[in-house]
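Working notes for the structure below.
All of the numbers you see were taken from the coordinates with simple rules; none came from a lab. Just so we're clear, the structure is a prediction, and the values are computed from it rather than from any experiment. Don't worry about glycine lacking a Cβ; one is built from the backbone with ideal geometry, like all the others, and counts go over all protein chains shown.
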Amino acid sequence: MAYTVLEPIDRPVETSFHLAPRPTSLEGLTIGLIDNSKRNSDYVLKKIMSKVQERYPNISLEVVKKPSASHGIPDVTAKELGAKVQAVIAGIGD
């Protein structure tokens, strides 16, 4: 009897990117918060928002929620968020 072995391995995809410059302060900025839809991610983000707003009372917040934990935010949502904010915090739950 002959066996066929399939090896679903390919070379790593080579990519490159540059990190966005970090702001020197959050004062007066609009911060984006991404809820990744996992259990407790909304709780984690609420705690983060509370702490950030205590330290930087003059910031604005924009919150978006991913449709599911296994998918990114839709491109249109990412573009809209990117046009409004200067920094983003992604919340992880579980």
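Below are the figures for this structure:
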{"item": "Under-5 Å amide H pairs with GLY32, H placed in peptide plane, nonlocal only", "result": "GLU62, GLN86, ALA87, VAL88, ILE89"}
{"item": "Residue-wise HN-Hα coupling along segment 76-90, computed from phi with Karplus coefficients 6.51, -1.76, 1.60 (Hz; x: Gly, Pro)", "result": "5, 5, 4, 5, 5, 5, x, 6, 9, 10, 10, 7, 9, 10, 9"}
{"item": "LYS46 paired with HIS18, simple spin-label distance in nm, labels 7 Å along Cα-to-beta-carbon", "result": "4.0 nm"}
{"item": "Given (1) 13.5, 46; (2) 19.5, 64; (3) 18.9, 73, the label whose value is Rg and Dmax of the Cα atoms in Å derived from this model", "result": "(3)"}
{"item": "Proxy reagent accessibility, fewest Cβ within 10 Å first, across HIS18, HIS71", "result": "HIS18, HIS71"}
{"item": "Top positive-direction residue, dipole computed over the chain with Cβ charges, set VAL88, PRO67, THR30", "result": "THR30"}
{"item": "HN-Hα J in Hz across segment 15-21 - Karplus 6.51, -1.76, 1.60, θ = phi - 60°, x for Gly and Pro", "result": "9, 9, 7, 10, 6, 5, x"}
{"item": "Cα-centre dipole for segment 36-87 with unit charges at Cβ (Lys and Arg positive, Asp and Glu negative), debye to 20", "result": "220 debye"}
{"item": "Per-residue HN-Hα couplings for segment 38-45 [Karplus 6.51, -1.76, 1.60; θ = phi - 60°; Hz; x = Gly/Pro]", "result": "6, 4, 6, 5, 5, 5, 4, 5"}
